[in-house]
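Below is one structure, written out as structure tokens; comments come after it.
The values are calculated or read from the model by the stated rules, or taken from the named source; none is laboratory data. Everything numeric here is computed off the predicted structure, so don't read it as measured data. Using ideal geometry, Cβ is built from the backbone for each residue, glycine included, and neighbour counts are taken over all protein chains shown. When the accessible area is computed, the model is the full protein with side chains, heavy atoms only, and any ligands, DNA or RNA have been set aside. Shrake-Rupley method; radii C 1.70, N 1.55, O 1.52, S 1.80 Å.
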Amino acid sequence: MAISASEISARIVEAVMAQKLAPGARLGEQPLAMLFDCSRTIVREALTRLAARGIVTVSARRGWFVIEPSQDEAREAFEARRVIELGLIRSTGRIDKSALRQLKAHLQREKAALKESDVGHRSFLLGDFHVCLAECLGNTLLADTLRDFTARTTLIAMLYQSTHDAVQSCEDHVQIVAALERGDHAAAEALMAEHIGTVQSALRVQAPTDPLAQLRDALAPLNTTTPKRRRKTAPADDATDSSTYLGALL
């Protein structure tokens, strides 16, 4: 059965969330078409969808690439996740038993992944918890939105070398689910806010720098002093005085 554009885009997002595709990675149409055994038209459709979702970008001359979020985009992505996830917890009713079982099963997979050497699988599960939570709270539309934002924040963590501990992240998830199970939505919301804040604060985002600093330093006037030379006194009407001439030009 031929693969669809939706399936290709889903595979790419999964690879991003598993940290197997780095920020700026090139996504060539022909290699992808060969990999998925499909036409370049299908690949282009998948990449176009991902571009609309903010996961990839395209250059007319260079092709398709995984995005490299700026510092401002990093801040906005975490703010968006905070608004969505806290609002989702705040607006939900009591979570049913089947949803709790699904969330607990996901937590068990996270814990098992922490003991394995597959960092990609672990990273995917830790990010996918937030998507799973949205689905269990009954909002598939926000789940899809969170999948994209989670992919973007995964790229941000890779780009800015996040120091966040995977074990701590899993423990945060456990506490959030426990609060939801006992019906304490206020605690769950507070825990989620702290969790997102902790992940964001672990990013090594540098303070804004002066983009002209290097050029400004290179072109600064040389701080040298040269001895004054004795020169003959030129006639008052001498129009070839070099200092006058340069001053007029500058």
Among the listed residues 87, 63, 28, identify the single one that is at positive phi and within 24 Å of the chain's Cα centre (by Cα). 63
Taking the stated definitions as given, is residue 76 open to solvent by 80 Å² or more (accessible area, probe 1.4 Å), within 20 Å of residue 127 (Cβ to Cβ), of a type in the set (D, E, K, R) and in contact with a Leu (Cβ under 8 Å, 6 or more places away or on another chain)? no
Quick check on my filter: what residues within segment 136-164 are open to solvent by 50 Å² or more (accessible area, probe 1.4 Å) and without any contact (Cβ under 8 Å) to a residue 24 or more places away in the chain? 140, 141, 144
With the requirement that a residue be open to solvent by 20 Å² or more (accessible area, probe 1.4 Å) and either in the same structural domain as residue 147 (by the TED database) or in contact (Cβ under 8 Å) with a residue 24 or more places away in the chain (or both), what does segment 36-46 give you? 36, 37, 38, 42, 45
Got a sec? Which of 81, 49 is touching a residue at least 40 places away in the same chain (Cβ under 8 Å), in contact with a His (Cβ under 8 Å, 6 or more places away or on another chain) and open to solvent by 10 Å² or more (accessible area, probe 1.4 Å)? 81
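In this structure, is residue 60 modelled with pLDDT under 95, in the same structural domain as residue 186 (by the TED database) and of a type in the set (A, V, I, L, M, F, W, C)?
Against the criterion (modelled with pLDDT under 95, in the same structural domain as residue 186 (by the TED database) and of a type in the set (A, V, I, L, M, F, W, C)), residue 60 does not qualify.
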Identify all residues within segment 172-202 that are surrounded by 15 or more Cβ atoms within 10 Å (Cβ to Cβ) and either farther than 23 Å from residue 97 by Cβ or not assigned by the TED database to the domain that holds residue 79 (or both); write none if there are none. 190, 195, 196, 199, 200, 202
Looking only at segment 89-124, count every residue that is over 22 Å from residue 168 (Cβ atoms) and open to solvent by less than 60 Å² (accessible area, probe 1.4 Å) and tell me the total. 5
